[in-house]
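Student: Please read through the structure below; I'll follow up with questions.
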Amino acid sequence: MLSALNCAARTKKQEARLRKLSAAVEQASESIMITDLDGKIEYVNPAFERTTGFSAQEVMGENPRILASGRTPDEEYEHLWQELVKGKTWQGELYNRTKEGVEFREWATISPLRDETGQITHYLASKLNITQRVEAEARVEYLAYFDALTELPNRTSCIQHLAQRLQQHPSGWHGSVVLLDLDGLQRINDVRGFEFGDEILKTVAKRVRGLLANEDDTFVANLGGDLFAVLLPVKDESQDRVLADTQVLVKLLLTEVGQSILVHDERVSVTASAGIVIYKENAESADAIIRHAETAVHTAKDAGGNQTAVYDVSYSAELEKRYEIERELRLALNDEGLELYLQPKVTADGQLVGAEVLIRWQHPERGMISPAEFIPVAEQTDLIVDLGKWIVNEALAQLKQLPPPLTLAINISPRQFRKFDFVYFIEHELQQSDVDPTRLILEVTENLFVEDIGDIVSKMEALQESGVQFSIDDFGTGYSSLSYLQRLPLQELKIDKSFIQAIGDNEQQAIIDSILAIATNLKLRVVAEGVETQEQVDYLANRDTDIILQGFKFDKPLPIKEFHKKYCPH
């Protein structure tokens, strides 16, 4: 009786275990399939039906080959059966297709099933649909080496391809790299949007690729945004000959790119700048060659666009020099080396009326560096703003030391003036320094008024309410316009030294006379800079008795201590 009860309990326990296993198989996300030893299907789970589109009734008794798409190699099937016959488990990737014929990929694990005696009775296949995962991996791999928008190889691919060429480069042969950078695409993006600009990029990519389609061993890539690269084949020819051939091809490319493009029913035209590098078998790295080509294309863009520049080693030397100046100038702003000089401003009879602030940089290793060398570098970045703030802060401290009513003039860069907080900055510095605002003159150039003159005028008027004066520096050399002069809250015109130093030339003197007439009509005082001779003093004083003079005739720019010792001894 007890034995029968134990047997019933074991049977019940096994049935419960089988139900759990059956439920797990039925609910599994993997496709489960069981076949007999001849490969005929005896069972499939619901996941199999969802993946393949076949119902269980449709595949019963069929061979799994009804799923085969034809892309799985025959050798793979042979290896699969060899392993199963040996009683081993096989794992691998299979290309199958659904009932509707859609191909998908599965990672399959097929194992022998054994009975209680160890005999193989069936085969169990567990298969995971990996189509989406494989496609995602392929997409990631594609994006690592291709530009998604233009479908061209990207910078990584380009550099790798160029590196391979360098390794295989025959001795004495020459190769060439061309970069094309579209001119003005950012402006189009700003006006029409990036989707509009993207259509232009795709069209340009197709044109470049199409033009070079019949050129053997030519590699076209997109290095990012609107920068395209063309690697031309190496040739057993002289550097001059390879360069000449490359220049001919570049002209064709620029012409092709410049053809009008239809985007969203609108005709637009773009141009491109081109940079060329010719290299030999002993060239630098692929990275260096691409950098040189970028230097060349920047040179072409700086020349006005739609130009071609051939890389010259002097380009890199100049860039390196500018980079070092910028880096060291930033350090000088936070350390030492920068100092202010003052140049006196006097009346025709030599009476001191004020001074102009000029910056000097005493480099610890290279000595005194001219402003003509580091100011243009600073003006290309916001470094000029940081430098301008330093100058204003130091200059106002010096204005505090100058006896009234002497004025102090400070040059303000257009980039600094256009900053949204410029008025607040000046007013804050004036308050902190506790100086008389009417003794501060801010000198601006005519280039400031090329853009958004309304904003400029409002800032000038706001500061003028505080008492600050304004002067136009280098008048006559920039965007001179009587219409804007009448709108500006100015107190002073400053005649550029190029006109002053040409006194004696009737045409140049006529320009000076015109400037003096304008100043008189607008009730502006005049400062003449660059005065070096008595002849210049006499000419200017005879035409304007109130003119203010500045130049080596009276004194050079002086260190602050020397200026005070000479002009403000008490």
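Student: Note down the Stokes-Einstein diffusion coefficient of the stretch 129-260 in µm²/s, whole number, using a Kirkwood radius over alpha carbon pairs, 37 °C, and 0.692 mPa s.
Tutor: Details: Rh = 16.4 Å.
Result for D is 200 µm²/s.
Student: Continuing with this model, one more query. Can you work out the FRET efficiency for the pair S29 and H161, with r the C-beta to C-beta distance and R0 = 35 Å, to the nearest 0.05? Working shown, then result.
Tutor: Values: r = 42 Å, r/R0 = 1.20.
That gives a FRET efficiency of 0.25.
Student: Just for the stretch 331-463, what percent of DSSP beta bridges are antiparallel, to the closest 5? Present the calculation step by step, with values, prior to reporting the outcome.
Tutor: Numbers: 12 of 19 bridges.
Of those bridges, close to 65 percent are antiparallel.
Student: Percent antiparallel among DSSP beta bridges with both residues in the chain, to the nearest 5? Show your work: numbers first, answer last.
Tutor: Details: 67 of 92 bridges.
In the chain, approximately 75 percent of DSSP beta bridges are antiparallel ones.
Student: Mean Kyte-Doolittle hydropathy of -1.0 or higher plus an axial Cα length of 30 Å or more: which whole DSSP H helices in the chain meet both?
Tutor: Numbers: long enough: 2-27 (37 Å, -0.47); 313-334 (33 Å, -0.69).
Flagged H segments are 2-27, 313-334.
Student: Give me the mean projected area, in nm² to one decimal, of the convex hull enclosing the Cα positions of the stretch 277-376. Intermediate values should be presented prior to the final figure.
Tutor: Details: hull surface 43.0 nm².
In nm², the orientation-averaged hull projection of the stretch 277-376 is 10.7.
Student: How much of the accessible area of the chain, in percent, comes from carbon and sulfur atoms when a 1.4 Å probe is used?
Tutor: Values: 14800 of 30440 Å².
With neighbouring chains kept in place, the figure for the chain is 49 percent.
Student: Cα atoms only: what Rg and Dmax, in Å, come out for the stretch 156-225?
Tutor: 15.5, 50
Student: Using the 2.2 N^0.38 Å rule of thumb for compact globular proteins, work out how the chain stacks up: its C-alpha Rg over that value, please.
Tutor: On the way: Rg = 39.8 Å, N = 570, 2.2 N^0.38 = 24.5 Å.
So the Cα radius of gyration is 1.62 times the expected 2.2 N^0.38 Å.
Student: Separate question: Taking the Cα centre of the chain as the origin, how large is its charge dipole in debye, to the nearest 20, when only Lys and Arg (+1) and Asp and Glu (-1) carry charge on their Cβ atoms? Could you put the intermediate results ahead of the total?
Tutor: Numbers: 59 positive and 91 negative charges, 372 e Å.
Result for the chain is approximately 1780 debye, rounded to the nearest 20.
Student: Provide, for q = 0.12 Å⁻¹, the log10 of I(q)/I(0) from a solvent-free Debye sum over equal Cα point scatterers in the stretch 222-348.
Tutor: So the normalised log intensities work out to -0.64.
Student: Could you give the spread of the C-alpha atoms of the stretch 48-168 along their three principal axes, from largest to smallest, in whole angstroms?
Tutor: 65, 34, 21
Student: Just need log10 I(q)/I(0) for the stretch 439-537 at q = 0.17, 0.21 Å⁻¹, Debye formula, equal scatterers on the alpha-carbon atoms, no solvent, rounded to two decimals.
Tutor: Those come out to -0.76, -1.08, one per q.
Student: Just need log10 I(q)/I(0) for the stretch 351-489 at q = 0.14 Å⁻¹, Debye formula, equal scatterers on the alpha-carbon atoms, no solvent, rounded to two decimals.
Tutor: Taken in order of the listed q values, log10 I(q)/I(0) reads -0.69.
Student: Moving on. If you wrap a convex hull around the Cα atoms of the stretch 212-273, how much volume per residue is inside, in Å³? The partial results should precede the final answer.
Tutor: Details: hull volume 6.6 nm³, N = 62.
About 106 Å³ per residue, rounded to a whole number.
Student: Restricting attention to the alpha-carbon atoms of the stretch 242-287, what are Rg (one decimal) and Dmax (integer), both in Å?
Tutor: For the stretch 242-287, the Cα radius of gyration and maximum Cα-Cα distance read 15.6, 50 Å.
Student: Can you tell me which lysines have their Cα less than 25 Å from the Cα of K345? Leave out same-chain residues fewer than eight positions away.
Tutor: List returned: K389, K400, K494, K497, K523, K553, K556, K561, K565, K566.
Student: How big is the Kirkwood radius of the stretch 117-157, worked out from every pair of different alpha carbons and given in Å to one decimal?
Tutor: Values: mean 1/r = 0.0742 Å⁻¹.
After inverting the pairwise mean of 1/r, the radius is 13.5 Å.
Student: Related question: In the stretch 340-415, how does Rg compare with the Kirkwood Rh, expressed as the Rg/Rh ratio over alpha carbon atoms?
Tutor: On the way: Rg = 14.1 Å, Rh = 13.8 Å.
In the stretch 340-415, Rg relative to Rh is 1.03.
The values are calculated or read from the model by the stated rules, or taken from the named source; none is laboratory data. All figures in this text were calculated on a predicted structure; none of them were measured in a lab. Glycine gets a Cβ as well: all are built from the backbone with ideal geometry, and neighbour counts include every protein chain shown. In case anyone asks, the SASA skips ligands and DNA or RNA and just uses the protein heavy atoms, side chains included. Shrake-Rupley method; radii C 1.70, N 1.55, O 1.52, S 1.80 Å.
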